[in-house]
Amino acid sequence: MNWSEIKNGVLLGACTLTAMLAIVLVYSLTQDAIRATEKYNLETALIQLFAPNSYDNEPSSDTILVSDAVLGEEPKTIYRARANGKPSGVVISATAKDGYNGDIELLVGLSYEGDVVAVRVTRHNETPGLGDDIEEGRSDWIHGFNNLAVNTMQAQDWQVQKNGGQFDQFTGATITPAAVVRTVYSVVQWYAQSRATIFTNAMGNAGNSE
């Protein structure tokens, strides 16, 4: 091997190493930006899902991971709010399995007593211009869950109007809103049975992610 071949080999190796380092650097910076954006979006959503001035902790980091079929097949995160060290509310992640085009991911905000503060859809595959009215940015439909006093409602109320309930459906689309309503009701019922243990991490299959 002559000097020219050695020189070319060194240059090629240096270029390859430089390219690899650049890729690692870009990936690292991109991942940091993605994580920062996700954290910001989550904290923004949580502000909307807890009652105003109801907590003084950081719910985004006061969490537990729960495995329960009512909430979905995958483990779900529960965000806990506290005021002066006392429980004041939760935001529960849940999956509506019976959407028109698949799973609908939700965040359900509840007061400590179990009333619904608000609900937000975080991911779905519903039909654009039809089923996607469950998105806050598309319509006000999701605001129909705002500040619901659960103890004033009957089981029948937790359906769309077409099925005798109190929630609106969309023109030409009943399956999507009905799936969201059913899941929110299931979460409300599940919380009523689980509230006493959520704040002590004694959830059986729950894992503490703090």
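Data overview
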quantity	calculated
Single condition Gly114 does not satisfy, out of (1) closer than 19 Å to Gly99 by Cβ; (2) open to solvent by less than 60 Å² (accessible area, probe 1.4 Å)	(1)
Any hit, segment 101-109, residues being at positive phi and either touching a residue at least 60 places away in the same chain (Cβ under 8 Å) or open to solvent by less than 20 Å² (accessible area, probe 1.4 Å) (or both)	no
Test: Thr127 is assigned to a strand (DSSP E or B) and either among the polar types (S, T, N, Q) or open to solvent by less than 40 Å² (accessible area, probe 1.4 Å) (or both)	no
Leading residue by the ranking (farthest from Val90 (Cα to Cα)) among those in segment 56-73 that are part of a loop (DSSP other than H, G, I, E, B) and among the polar types (S, T, N, Q)	Ser67
Unmet criterion (only one of (1) open to solvent by 40 Å² or more (accessible area, probe 1.4 Å); (2) touching a Leu at 6+ places or on another chain (Cβ under 9 Å)) for Thr152	(2)
Top-ranked residue of segment 155-193 - restricted to ones that are open to solvent by 70 Å² or more (accessible area, probe 1.4 Å) and among the small types (Gly, Ala, Ser), ranked as farthest from the chain's Cα centre (by Cα)	Gly172
Selection from segment 139-149 of residues that are within 15 Å of Val117 (Cβ to Cβ), open to solvent by less than 60 Å² (accessible area, probe 1.4 Å), touching an Asp or Glu at 6+ places or on another chain (Cβ under 8 Å) and part of a loop (DSSP other than H, G, I, E, B)	Ala149
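The values are calculated or read from the model by the stated rules, or taken from the named source; none is laboratory data. Quick caveat, the model's predicted, so the values are computed rather than measured. Here Cβ is always computed from backbone atoms with ideal geometry, including for glycine, and neighbour counts include all displayed protein chains. When the accessible area is computed, the model is the full protein with side chains, heavy atoms only, and any ligands, DNA or RNA have been set aside. Shrake-Rupley method; radii C 1.70, N 1.55, O 1.52, S 1.80 Å.
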